[in-house]
Amino acid sequence: MKEKVKVGIIICDRYHKCAGGKCLRALRNREGAFSLYKDREVELVGYTTCDGCPGGNVEYAPAEMKKNGAEVIHLATGLVVGYPPCPRISSFKKFIKEKFGLETVVGTHPIPQNYYDTHSKLATWNSEVWQETIKDVICDEEMRKAYD
Ligand code: SF4
């Protein structure tokens, strides 16, 4: 097995009461965006919210996660499935790279099928940019249903 990777998760504050069940399950099973670490041990070294629009905690939380050894920050799947999706994802990614030198992955657990169905009807992700953004969490239907 390759070297362990340490990750931090930042969730959308609209889900601030979330206990992290889907993210932690996906992490454990290496599903969704965590399939990037299929052959690696993963340690979660931080978990917090963006603190609400416009995401002020993104200015600070990655520093604390980095002190704990984080190499990658995951922006949770809630940022892409909420209504509307977070409009600041690309800004967060650029900022986290520039300020902290950390890579960012968009997504944690697979997109649940019910969100997939609604956003398909809304054509939310009908662009190359969005398809690239959700590529690690779109998964197949069976997997999406498993996270409904
Ligand atoms: S939409 Fe974006 S900035 Fe607003 S609460 Fe959610 S993650 Fe934070």
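Where a number appears in this text, it was derived from the coordinates with a stated rule and is not lab data. All of these numbers come straight from a predicted model, not from anything done at the bench. Because the Cβ atoms are built from the backbone with ideal geometry, glycine has one as well, and the counts that use them run over all protein chains shown.
Quick look at the numbers
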read-out: From the options THR48, THR104, residue that is of a type in the set (S, T, N, Q), closer than 20 Å to GLY20 by Cβ, within 16 Å of the ligand (Cβ to nearest atom) and in contact with a His (Cβ under 9 Å, 6 or more places away or on another chain); value: THR104
read-out: Residue match in the range 86-99 (condition: in contact with a Lys or Arg (Cβ under 7 Å, 6 or more places away or on another chain) and under 28 Å from ARG144 (Cβ atoms)); value: no
read-out: Qualifying residue in the range 54-71 (condition: out of contact with any Pro (no Cβ under 6 Å at 6 or more places or on another chain), closer than 28 Å to ALA146 by Cα and of a type outside the set (A, V, I, L, M)); value: no
read-out: Matching entry among VAL129, VAL81 (being closer than 21 Å to ALA26 by Cα and of a type in the set (A, V, I, L, M, F, W, C)); value: VAL81
read-out: Within the range 79-95, considering residues that are under 21 Å from SER35 (Cβ atoms) and out of contact with any His (no Cβ under 9 Å at 6 or more places or on another chain), the one farthest from the ligand (Cβ to nearest atom); value: LYS93
read-out: Subset of the range 113-148 (residues that are among the polar types (S, T, N, Q) and either within 16 Å of PRO84 (Cβ to Cβ) or surrounded by 13 or more Cβ atoms within 10 Å (Cβ to Cβ) (or both)); value: GLN113, ASN114, THR118, SER120, THR124, ASN126, SER127, THR133
read-out: Qualifying residue in the range 28-43 (condition: surrounded by fewer than 16 Cβ atoms within 10 Å (Cβ to Cβ) and either under 21 Å from PRO84 (Cα atoms) or within 12 Å of the ligand (Cβ to nearest atom) (or both)); value: no
